[in-house]
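Visitor: Just passing along the structure, written as structure tokens.
The values are calculated or read from the model by the stated rules, or taken from the named source; none is laboratory data. Remember, predicted model here, so these are calculated numbers, not experimental data. Cβ atoms come from the backbone with ideal geometry, glycine included; neighbour counts cover every protein chain shown. The area values use the complete protein model at the heavy-atom level, side chains included, leaving out ligands, DNA and RNA. Shrake-Rupley method; radii C 1.70, N 1.55, O 1.52, S 1.80 Å.
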Amino acid sequence: MIAQTPPMGWNTWNTFGHNISDKLIRETADAMVELGYRDAGYEYVVIDDCWSLMERDYTTGRLVPDPEKFPHGMKSLADYIHAKGLKFGIYSCAGVRTCAGYPSSFDHEYEDARTFAEWGVDLLKYDFCNFPNYANNKNRYLTMSMALRSTGREIVFSACNWGRGEPWNWMRSIGAHMYRSTHDINDSYASMADILVSQLPNLNANAAGCFNDLDMLTVGMHGEGNVGCGSCTTPEEYVTEFAFWCMAGSPLMMGGDIRSLDEASRRLLQDRELIRINQDAECRPAYQANGTTKDFPILIKLLEGGELALAFFNLKDADRRLEMPFPDLGLPYASGVGLELTDILSGERLGIRRDDLRIIVPAHGVRIFRGRLITL
Ligand code: GLA
């Protein structure tokens with residue numbers, strides 16, 4: 001089975017938009033390996049929109065990679081990526097044209113799925129622009145899902161209909177492995193926080209095989225690139241973003257230029273403790289603690305082996321004291337069971353607590369802990 005845990009990788013869109021090429025993809029695949037991303041768990045190298053010619057081949061009806069951007073074709077690129085122990089992703093759209101106006105797969109689902117499988121594609125991101133009014137959203141995602149299945153190749157189906165028709169209620173059943181649930185992210189705190197708040201009620205459909213995709217990460221973009229907006233996200237806000245994506249069980253698709261990310265961003269994206277939470281084998285969705293609000297959500301994610309992760313988010317502009325009473329974790333004092341806590345970001349060991357945890361969370365920040373159940 002594919003996508004047992006949230007898929008991890010890199011996607012061209014956030015930084016490069018239409019400025020993509022064979023050279024960029026090969027260099028990024030090299031960087032995935034040489035700079036430690038592959039060893040941290042990142043696997044898929046995904047080409048987003050703008051990779052094809054503006055028209056299909058007139059004789060075969062097939063999509064054609066733009067020979068200026070991809071002079072060696074897609075099969076050769078896929079082979080290169082596979083030889084590095086990575087996987088290859090590509091993009092199409094359920095409508096009649098992609099968002100950037102290139103040909104897409106409406107009424108071509110089966111021939112395109114066959115083409116992708118022949119090229120060695122391992123993931124298809126499937127967008128929702130230019131979708132005809134008369135067509136049915138759910139049915140068209142189902143059609144591409146069945147087309148991919150019919151190829152016999154294991155291809156992660158990354159559906160991207162921006163939350164239309166409450167996909168958390170049906171994308172799993174029609175065969176998607178991940179589904180975008182929101183509008184597009186940009187590299188700003190406001191955009192990230194908006195996605196975070198909007199998806200708090202929609203995390204509980206996550207389980208092995210299909211995950212709510214909060215969009216490509218902006219960590220390390222620092223205002224540059226296609227969805228950059230002039231350096232408006234701070235390093236601390238990137239930590240909040242990454243910690244939330246990990247707690248939420250979202251796929252982790254990096255969107256920065258990983259060939260040259262700053263050291264703090266690279267370390268954050270490769271943080272083994274945060275990734276371990278995201279990739280926990282039980283894949284339990286996080287839940288929001290009783291009575292916590294959308295401005296100061298506290299999330300709990302049960303992990304395998306009697307552990308849990310506990311994350312305190314402060315989405316407002318001033319530092320804030322937050323409190324987690326342990327009875328709300330199912331641990332009343334009389335249970336005789338406490339939590340041995342470690343602050344994941346600082347590494348500080350807090351020892352065993354059995355009443356509550358009260359902490360100051362910085363503005364726009366997160367404090368995140370790993371807890372282990374201890375019988376006292
Ligand atoms: C939509 C998607 C984005 C990206 C662009 C490409 O906006 O939501 O993630 O794929 O299309 O044009």
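Visitor: Go through (1) in a loop (DSSP other than H, G, I, E, B); (2) within 16 Å of the ligand (Cβ to nearest atom); (3) not polar (S, T, N, Q) and name the single condition residue 152 misses.
Guide: Only one criterion in (1) in a loop (DSSP other than H, G, I, E, B); (2) within 16 Å of the ligand (Cβ to nearest atom); (3) not polar (S, T, N, Q) is unmet by residue 152, namely (2).
Visitor: Still on this model: Counting just the residues of the stretch 297-324 that are part of a loop (DSSP other than H, G, I, E, B) and in contact with a strand residue (DSSP E or B) (Cβ under 6 Å, 6 or more places away or on another chain), which one comes out farthest from residue 358 (Cα to Cα)?
Guide: Per the criteria, the residue is 306.
Visitor: Can you tell which of 336, 330, 347, 306 is among the small types (Gly, Ala, Ser) and modelled with pLDDT under 95?
Guide: 306
Visitor: Looking only at the stretch 1-27, count every residue that is closer than 20 Å to residue 126 by Cβ, crowded, with 18+ Cβ neighbours inside 10 Å, within 13 Å of the ligand (Cβ to nearest atom) and not aromatic (Phe, Trp, Tyr) and tell me the total.
Guide: Adding up the residues that qualify gives 4.
Visitor: Of the residues 205, 193, 147, which is open to solvent by 20 Å² or more (accessible area, probe 1.4 Å) and either more than 19 Å from residue 248 (Cβ to Cβ) or more than 15 Å from the ligand (Cβ to nearest atom) (or both)?
Guide: Details: 193 fails: open to solvent by 20 Å² or more (accessible area, probe 1.4 Å); 147 fails: open to solvent by 20 Å² or more (accessible area, probe 1.4 Å).
Testing whether each residue is open to solvent by 20 Å² or more (accessible area, probe 1.4 Å) and either more than 19 Å from residue 248 (Cβ to Cβ) or more than 15 Å from the ligand (Cβ to nearest atom) (or both) leaves just 205.
Visitor: Which of the residues spanning the stretch 101-132 are surrounded by fewer than 22 Cβ atoms within 10 Å (Cβ to Cβ), away from the ligand (no atom under 16 Å from the Cβ) and assigned to a loop (DSSP other than H, G, I, E, B)?
Guide: 107, 108, 120, 132
Visitor: For the structure I just gave you, tell me whether residue 227 is away from the ligand (no atom under 15 Å from the Cβ) and of a type in the set (Val, Ile, Thr).
Guide: So residue 227 does not fit the description; no.
Visitor: Looking at 46, 33 in this structure, which one is hydrophobic (A, V, I, L, M, F, W, C) and closer than 19 Å to residue 120 by Cα? Steps first, answer last, please.
Guide: Details: 33 fails: closer than 19 Å to residue 120 by Cα.
Sole residue among the options that is hydrophobic (A, V, I, L, M, F, W, C) and closer than 19 Å to residue 120 by Cα: 46.
Visitor: Go through the stretch 325-376 and report how many residues are farther than 14 Å from residue 306 by Cβ and either among the small types (Gly, Ala, Ser) or assigned to a helix (DSSP H, G or I) (or both).
Guide: Going through the stretch 325-376 one residue at a time, the tally reaches 11.
Visitor: Among the numbered conditions (1) within 16 Å of residue 40 (Cα to Cα); (2) surrounded by 21 or more Cβ atoms within 10 Å (Cβ to Cβ); (3) not small (Gly, Ala, Ser), tell me where residue 212 comes up short.
Guide: In the conditions (1) within 16 Å of residue 40 (Cα to Cα); (2) surrounded by 21 or more Cβ atoms within 10 Å (Cβ to Cβ); (3) not small (Gly, Ala, Ser), residue 212 misses (1) alone.
Yes/no matrix, rows are residues, columns are (1) under 16 Å from residue 41 (Cβ atoms); (2) in contact with a helix residue (DSSP H, G or I) (Cβ under 9 Å, 6 or more places away or on another chain):
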| residue | (1), (2) |
| --- | --- |
| 222 | no, yes |
| 229 | no, yes |
| 236 | no, no |
| 249 | yes, yes |
| 255 | no, yes |
| 268 | yes, yes |
| 279 | yes, yes |
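Visitor: In the stretch 155-190, which residues are of a type in the set (A, V, I, L, M, F, W, C) and either more than 16 Å from the ligand (Cβ to nearest atom) or in contact with a Pro (Cβ under 8 Å, 6 or more places away or on another chain) (or both)?
Guide: Going residue by residue through the stretch 155-190, those that are of a type in the set (A, V, I, L, M, F, W, C) are 155-157, 159-160, 162, 168, 170-171, 174, 176, 178, 185, 190.
If the condition is that a residue be of a type in the set (A, V, I, L, M, F, W, C) and either more than 16 Å from the ligand (Cβ to nearest atom) or in contact with a Pro (Cβ under 8 Å, 6 or more places away or on another chain) (or both), then 155, 156, 159, 168, 170, 174, 176, 178, 190 are the ones that fit.
Every residue, every condition in (1) closer than 22 Å to residue 266 by Cα; (2) assigned to a helix (DSSP H, G or I), yes or no:
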position	(1), (2)
14	yes, yes
23	yes, yes
42	yes, no
45	yes, no
63	no, no
75	no, yes
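Visitor: Which ones in the stretch 156-174 are open to solvent by 10 Å² or more (accessible area, probe 1.4 Å) and touching a Leu at 6+ places or on another chain (Cβ under 8 Å)?
Guide: Within the stretch 156-174, 174 is the sole residue that qualifies.
Visitor: Among the helices (runs of 4 or more DSSP H) confined wholly to the stretch 215-290, which include 2 or more residues that are in contact with a Lys or Arg (Cβ under 9 Å, 6 or more places away or on another chain)?
Guide: 235-248, 272-278
Visitor: Only one of (1) more than 16 Å from the ligand (Cβ to nearest atom); (2) within 20 Å of the chain's Cα centre (by Cα) is not met by residue 141, so which one is it?
Guide: (1)
Visitor: Is there a residue being open to solvent by less than 40 Å² (accessible area, probe 1.4 Å) and of a type in the set (Ser, Thr, Tyr) anywhere in the stretch 219-232?
Guide: Scanning the stretch 219-232, I find no residue that is open to solvent by less than 40 Å² (accessible area, probe 1.4 Å) and of a type in the set (Ser, Thr, Tyr), so the answer is no.
Visitor: Hey, does the stretch 88-100 have a residue that's in contact with a strand residue (DSSP E or B) (Cβ under 8 Å, 6 or more places away or on another chain) and away from the ligand (no atom under 16 Å from the Cβ)?
Guide: Yes, the stretch 88-100 has at least one match.
Visitor: Moving on. Yes or no: the stretch 82-98 includes at least one residue that is closer than 23 Å to residue 226 by Cα, free of Cβ contacts under 8 Å to residues at least 60 places away in the same chain and open to solvent by 10 Å² or more (accessible area, probe 1.4 Å).
Guide: yes
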